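Here, each number is a calculation from the coordinates, and none is a lab measurement. Everything numeric here is computed off the predicted structure, so don't read it as measured data. A quick note on method: Cβ atoms are made from the backbone with ideal geometry, for glycine too, and the neighbour counts reach across all protein chains shown.
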Amino acid sequence: MNNQKALPPHHSLVETADGSYTLFSEAFQEACHSTTGARAETILHYIEGTKVQENILKFSPLVILEVGFGLGVGFLTTLEKLPSDRRWHFVSLELDADLLEWFLKNHQDHYFLKNLQWKDNNILEAENDFIKLTILQGDARKTLPAYLKNHPLKWHAIYQDAFSPKKNPILWTKEWFSLLKDSSHEDVILSTYSASSSIRKSLHLTGWGVQKGERFGPKRTSTRAVLAKATDPEILLQLERSPAQALSDLHINEILLK
Ligand SMILES: C[S@@+](CC[C@H](N)C(=O)[O-])C[C@H]1O[C@@H](n2cnc3c(N)ncnc32)[C@H](O)[C@@H]1O
């Protein structure tokens, strides 16, 4: 894993404090995970944060959406943590085709991932009797609505793991969270490492019930969001007092045009 020659273009490898690895993206000037631990963060925020281990006993298949496939830590950790005799469908969104080609090359001998192949121009897929993995390559703002037209899925769990709102604002807007809400099951749990007031406002204003998440590393808190409950009153008070603005596509276009 630490052979620099084998890395995807424009990325460098970073060892994190729990011994697992992440990638630093030159394009976004950010690492894919906290340096406190890529694996530990994934377990806390996504596996535990969205309760997939409990909910796979309720839903068949359990349908998971991951925003940002990255180097595949989210999928690989989910594969390790879910029981092998229950059905689940993991849909992930990834802009960078080189990252996906690198992932394919690195998992040619894996019992499940050796079957991962391009099904369409921009869809990578692998499936067995229990697990289905679908990766949509391209800008998630376009690939997800296009995919949903022919595959009307309802998410039980959402791993909202884009780069930070400052670096990757397009995946934290009200328009994005509305799309996620409209394609979610009523018992969905969305989980993310970010606790910024502007993303919490984007979630709240689009009908998500915003809840406090666990602390991890230097971050004191994180965010969970559901449709079954209203926003936590303490968070609502903080949001009302905060001058931060909810992110919207219009707002981002104004920033980009400046
Ligand atoms: C924080 S990393 C994801 C880490 C990943 N969940 C893992 O466990 O390895 C964010 C990913 O989002 C991708 N990304 C950024 N903008 C995107 C967009 N508009 N559409 C789809 N993917 C995007 C980046 O290329 C990057 O790989």
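Report, in whole Å, the centroid distance computed from the Cα atoms of region 185-209 and region 127-181. Distance between centres, Cα-based: 14 Å.
Other residues whose C-beta falls under 13 angstrom from the C-beta of Tyr159 contribute a net charge of -2, scoring Lys and Arg +1 and Asp and Glu -1. Straight-line cross-link reach from Lys201 at under 26 Å between alpha-carbon atoms covers these lysines, not counting any fewer than eight positions away in the same chain: Lys51, Lys142, Lys154, Lys166, Lys167, Lys174, Lys181, Lys212, Lys219, Lys229, Lys258. Qualifying trypsin sites (Lys or Arg not before Pro) in region 20-95, where qualification requires a DSSP coil assignment and no more than 12 other C-beta atoms within 10 Å, comprise Lys58.
Using the Kirkwood radius over C-alpha pairs as Rh, can you work out the diffusion coefficient of region 34-130 via Stokes-Einstein at 10 °C, viscosity 1.306 mPa s, in µm² per second? Spell out each step's value before the answer.
On the way: Rh = 14.3 Å.
My calculation gives 111 µm²/s for D.
In vacuum, with every alpha carbon of region 73-139 counted as one equal point scatterer, what does the Debye formula give for log10 I(q)/I(0) at q = 0.12, 0.19, 0.27 Å⁻¹? Two decimals, please. Those come out to -0.28, -0.73, -1.43, one per q.
Counting only helical runs of four or more DSSP H residues, what would the 222 nm mean residue ellipticity of the chain come to if each run contributes -39,500 (n - 2.57) and the total is spread over all its residues?
Computed mean residue ellipticity for the chain: -8000 deg cm²/dmol.
Pairs of Cα atoms in the chain fall into 10 Å distance bins, from 0 up to the last occupied one, in shares of 7, 31, 39, 20, 4, 0 percent.
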